[in-house]
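Let me begin by presenting the structure, written as structure tokens, before commenting on it.
The values are calculated or read from the model by the stated rules, or taken from the named source; none is laboratory data. Only a predicted model underlies this, so the values are computations on that prediction, with no experimental measurement involved. Neighbour counts are summed over all protein chains in view; Cβ atoms, including those assigned to glycine, are modelled from backbone coordinates with ideal geometry. Surface areas here come from the heavy atoms of the whole protein model, side chains and all, with no ligands, DNA or RNA. Shrake-Rupley method; radii C 1.70, N 1.55, O 1.52, S 1.80 Å.
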Amino acid sequence: MLLALAALFLCPACQVSPSDDDDDPTPPTPNLDSYEDGIFISHQGNPALNINSSVSFRDRATSGVVDSIYQQANSGAVLPPIHSMQLHDGRIYLISNSENQVVVVAANSFQRIGTINNLQKPRYLLPIGNNKACISEWGEDGISGRLSIVDLNSLQISNSIPTRPGPEQMLLDGNHLYVVNNGGFALDSVVSKVSLTTEEVLETIKVGLAPNSLQIDQNGHLWVLCQGIKDPFVPSNNRNGELVRLENDELQFRLELAPAANNLVISPDGSRLYFVNQEWLYAHGLGDTSLSLTPFIASPFSHIAVHPNTGDLYCVDPRNLQSDGSVLVFSGVGALQYTFQTSVAPNGFGFME
């Protein structure tokens, strides 16, 4: 079974302003007893300004947004800073890199169930079947990478698998798991292939500098996005990013990109890739041999996600990381459908529809 995010179909590039519908009336905040049909949005917040992490919910029926639902459901308890979020089997897993834990809540009520502890700079969580999940971790020193296998019933770690430095996003392909290694506090350039039967790394595959995300296409080929190096203080240190394709675990195609490419996603049918580069959104067909010079959507985004059913593309405008951010939603033909305001520094989505 292939687990991957979906995206939208290619269209001519369009340019939008995040404030295009700022004058539209804001829907009233819905009064919800449970969160059954809508979209969760996680927010990193801004600890430097004492702005806590939070999670919002956009209700599909009313289009209204309820903010700080964790605090509401848990007597005002404060969330640790959220790095990523995973929705699975009626639960939401909120991964906190800085606090070395995963907070687990019931998706329909957002009441706290428990925490996964004894982690070392966790990054992402991926369900792998049999009531288990895998968590990528940078290690206490930021370079001693590992993957922890967690029992989702007991929320206890059953095994840890050493990896190359900086394991990030993961992808499940049958009984194998692929994870990109960007180096953590160092620098690396490999994808690790892991057996979930023996729970060990089978091989490492050389790709580009600092890989950060990956997808499998409709042909069963693995695509990896590598961010390269972007040094704002010493531009001579910059190194280009790459989009590479692996077939049978061997590199068959590579496309050079500007530094700082991130957030690779794929269309629902696995036919087109989308990613952020230089803050703009680009699209790439499986048979394309070069990158389009025209962005798919020419607006600055920090994060993108795709609705797994509709193929709509959800794009984050973080604004100044001091005030509320916003989400822009585009249809499969690139038309702006609507926008809505969220809390500070939105950085993830969970689709409950």
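The one condition from (1) within 23 Å of Arg123 (Cβ to Cβ); (2) surrounded by fewer than 22 Cβ atoms within 10 Å (Cβ to Cβ); (3) modelled with pLDDT of 95 or more that Glu279 does not meet is (3). Only a single criterion out of (1) more than 21 Å from Leu94 (Cα to Cα); (2) open to solvent by 10 Å² or more (accessible area, probe 1.4 Å) is not satisfied by Ala210, namely (2). All conditions in (1) surrounded by fewer than 17 Cβ atoms within 10 Å (Cβ to Cβ); (2) over 20 Å from Asp217 (Cβ atoms) hold for Asp288, with the sole exception of (2). Every condition in (1) free of Cβ contacts under 8 Å to residues at least 40 places away in the same chain; (2) crowded, with 20+ Cβ neighbours inside 10 Å; (3) farther than 24 Å from Glu279 by Cα; (4) not charged (D, E, K, R) is met by Ser195 except one, and the failing one is (2). What about Gln101, is it out of contact with any Ser or Thr (no Cβ under 6 Å at 6 or more places or on another chain), modelled with pLDDT of 95 or more and not hydroxyl-bearing (Ser, Thr, Tyr)? So Gln101 fails the test.
The set of residues in the stretch 81-110 that are farther than 15 Å from Ile135 by Cβ, assigned to a loop (DSSP other than H, G, I, E, B) and in contact with a strand residue (DSSP E or B) (Cβ under 9 Å, 6 or more places away or on another chain) comprises Pro81, Asp89, Gly90, Ala107, Asn108, Phe110.
Does any residue of the stretch 263-275 turn out to be open to solvent by 30 Å² or more (accessible area, probe 1.4 Å), more than 17 Å from the chain's Cα centre (by Cα) and either more than 25 Å from Tyr178 (Cα to Cα) or small (Gly, Ala, Ser) (or both)? For the stretch 263-275, residues open to solvent by 30 Å² or more (accessible area, probe 1.4 Å), more than 17 Å from the chain's Cα centre (by Cα) and either more than 25 Å from Tyr178 (Cα to Cα) or small (Gly, Ala, Ser) (or both): absent.
Within the stretch 4-57, being open to solvent by less than 80 Å² (accessible area, probe 1.4 Å), more than 26 Å from Val333 (Cβ to Cβ) and at pLDDT below 85 holds for Pro30, Leu32. Looking only at residues of the stretch 127-147 that are at negative phi and in a loop (DSSP other than H, G, I, E, B), we find that the one that is surrounded by the fewest Cβ atoms within 10 Å (Cβ to Cβ) is Glu140. One residue stands out among those in the stretch 299-343 that are open to solvent by less than 10 Å² (accessible area, probe 1.4 Å) and assigned to a loop (DSSP other than H, G, I, E, B): the one that is farthest from Val55 (Cα to Cα), which is Gly334. Might you check whether a residue that is touching a Pro at 6+ places or on another chain (Cβ under 6 Å) and either free of Cβ contacts under 8 Å to residues at least 24 places away in the same chain or part of a loop (DSSP other than H, G, I, E, B) (or both) occurs anywhere in the stretch 271-281? Yes, that holds for at least one residue. Look at (1) closer than 26 Å to Ala186 by Cβ; (2) open to solvent by less than 10 Å² (accessible area, probe 1.4 Å); (3) not hydrophobic (A, V, I, L, M, F, W, C) and you find that Lys121 fails only one, number (2). Suppose we filter the stretch 56-68 for residues that are within 19 Å of Ala345 (Cα to Cα) and assigned to a strand (DSSP E or B); how many remain? Selection size over the stretch 56-68: 5. Just wondering, is there one or more residues in the stretch 326-336 that are more than 17 Å from the chain's Cα centre (by Cα) and without any contact (Cβ under 8 Å) to a residue 40 or more places away in the chain? Among the residues of the stretch 326-336, not one is more than 17 Å from the chain's Cα centre (by Cα) and without any contact (Cβ under 8 Å) to a residue 40 or more places away in the chain, which makes the answer no. Checked across the stretch 148-169, the condition of being open to solvent by 50 Å² or more (accessible area, probe 1.4 Å), assigned to a strand (DSSP E or B), at pLDDT 95 or above and charged (D, E, K, R) holds for at least one residue.
Gln71 satisfies every condition listed in (1) part of a loop (DSSP other than H, G, I, E, B); (2) over 26 Å from His307 (Cβ atoms) except (1). For the residues Leu214, Leu196, the requirement of being within 28 Å of Asp269 (Cβ to Cβ) and more than 20 Å from the chain's Cα centre (by Cα) singles out Leu196.
Evaluate the following for Leu187: is it at pLDDT 95 or above, hydrophobic (A, V, I, L, M, F, W, C) and closer than 16 Å to Asp173 by Cβ? Taking the combined requirement at face value, the residue does not satisfy it. Taken as a whole, the structure leaves Ala258 outside the set of residues that are buried (at least 19 other Cβ atoms within 10 Å of the Cβ) and under 29 Å from Val190 (Cα atoms).
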